[in-house]
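Notes follow the structure.
The values are calculated or read from the model by the stated rules, or taken from the named source; none is laboratory data. Quick caveat: nothing in here was measured; it's all calculated off a predicted structure. All Cβ positions, even for glycine, are placed from backbone atoms using ideal geometry, and neighbour counts span all protein chains on display.
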Amino acid sequence: MEHVPPFNAQQLTALAKALGDTDDGLTGTQIDFLLNQCKIPNVDPTATKWKRLFNAFAMYQNNRNFGNHVVVFVNRVMDPVQFTADSAKFNRWKVRLNAILAFSGMSVGDHGKVRWVKPASNLDEAVARANRLQYLLENRGVHPDVLLYCKAEWLQENYFHAVFEATKSIAAKLRSLTNHPGDGATLVQAAFGGPNPIIAINDLKNDSEKSEQSGFLNLLIGIFGTVRNPLAHNPKVDWAMNEQDALDILTLVSLVHRKIDQRTRP
């Protein structure tokens, strides 16, 4: 294997925490097994998972002055055959690791192997941000149509464009389903309004279901009025979009897409 420069302490910490994540990482037994397979001494077997990994990586690296062992470990972890029953888990782990490895000029490919890529730069920071946003949204189980807008090009400066494009996707879907050329409140009213709407999210058989239909209509008008329209008419410097705001709005957009997909009246 080509010589891999040593990882710094911050990178080793991030990798150890990603691999030893409490909820979605390796188990303690898996860590012990993989360290043994990679011939990396388990110098602190009673420590918490991520500290066990960090101490093992750091001690070996200090003794050898290279980071090859970390790459070997990641390659073993990301062997695709281990994810045949859960491909989504492979993608989650790949995204999580690539957000860290990008700053070392590496990434995990679709075959589960670490490869060299362009060293970290502003674009790589955007890629890391996009990977993180996608990972967080996948953990929320958001609609696939929303994940399309987690692109580095739209996240290079902030989350403004990702949210803007995602909200525009609602109108695009409604126009496709209704053949109505309108936009915003006009389009929503045409799609969901009236006693015989083009799109219904339930059977409209009783007052409760009719009320739900009306509430969904108003929710969509609210999304266009409070999110999409301000984003369209104001420069992004006037709308400070942080990660938490983006996550909340994109999750709401996901709900809308899911309700439309589950419609009872095409």
Practice prompt. Filter the range 191-204 down to residues that are loosely packed, with under 14 Cβ neighbours inside 10 Å and small (Gly, Ala, Ser), then give me how many there are.
Written response: 1
Worksheet item: Which one is farthest from residue 95 (Cα to Cα), of the residues in the range 55-75 that are hydrophobic (A, V, I, L, M, F, W, C) and within 28 Å of the chain's Cα centre (by Cα)?
Response: 57
Response to the item:
Within the range 205-229, the residues that are surrounded by 13 or more Cβ atoms within 10 Å (Cβ to Cβ) and of a type in the set (Asp, Glu) are 209, 212
Discussion item. Based on this model, can you work out whether residue 224 counts as at pLDDT 95 or above and either within 30 Å of the chain's Cα centre (by Cα) or not in a helix (DSSP H, G or I) (or both)?
Written reply: no
Practice prompt. Being assigned to a helix (DSSP H, G or I) and among the small types (Gly, Ala, Ser) is the filter here, so list the residues in the range 55-71 that pass it.
Written response: 56, 58
Item to complete: Go through the range 34-54 and give me each residue that's more than 29 Å from the chain's Cα centre (by Cα) and part of a helix (DSSP H, G or I).
Response: 36, 37
Worksheet item: Can you name the residue in the range 8-33 that is part of a helix (DSSP H, G or I) and of a type in the set (Val, Ile, Thr) and is also surrounded by the fewest Cβ atoms within 10 Å (Cβ to Cβ) among such residues?
Response: 29
